[in-house]
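Undergrad: First, the structure itself, so that you have it in front of you.
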Amino acid sequence: MKTLFITATLAVFLIGCGSSGPVISKSNVGNLEINVYGSEDTSQRAELYLDGVFIGGLTKRLPVIHVKRGQRVVRVEAPGFKPYEKTITILGEPNHQVLNVFLEKQ
């Protein structure tokens, strides 16, 4: 009887500690590659805003950012060009999404 009680208690404890998903998961984050094009080399001066928050300057060398899954507003600005803004849905891993931004002169 004592062995049955210990086995049942251990089973309940282990079931409660278990997780249905992986320990480490990228499923809440997706890769977004942003390529900036314009009449001149705008990628050296382009600035990225995500959901209204300044993220930093975009470069051709590292155009990929990791973005939390869901609907996001992407805004790209460069001096002398009209701002570009688009709402996109980040799908999460294993998707690699590409956004090509074509900036127009002001």
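Undergrad: Would you please list the contacts, defined by Cβ atoms under 6 Å and residues six or more apart or on different chains, that run from a residue in the stretch 30-49 that is of a type in the set (D, E, K, R) to a residue that is at pLDDT 80 or above and not in a loop (DSSP other than H, G, I, E, B)?
TA: Pairs found: 33/64; 33/98; 47/57; 47/77.
Undergrad: Residue under question is residue 90, and the condition is that it be within 10 Å of the chain's Cα centre (by Cα) and within 22 Å of residue 45 (Cα to Cα); does it hold? Steps first, please.
TA: Numbers: within 10 Å of the chain's Cα centre (by Cα): yes; within 22 Å of residue 45 (Cα to Cα): no.
So residue 90 fails the test.
Undergrad: Check whether at least one residue in the stretch 91-103 is exposed (fewer than 11 other Cβ atoms within 10 Å of the Cβ) and either modelled with pLDDT under 90 or within 15 Å of residue 35 (Cβ to Cβ) (or both), and report yes or no.
TA: For the stretch 91-103, residues exposed (fewer than 11 other Cβ atoms within 10 Å of the Cβ) and either modelled with pLDDT under 90 or within 15 Å of residue 35 (Cβ to Cβ) (or both): present.
The values are calculated or read from the model by the stated rules, or taken from the named source; none is laboratory data. Every value quoted in this text rests on a predicted model; they were computed, and no experiment measured them. Note that we place each Cβ from the backbone using ideal geometry, even for glycine, and neighbour counts take in every protein chain shown.
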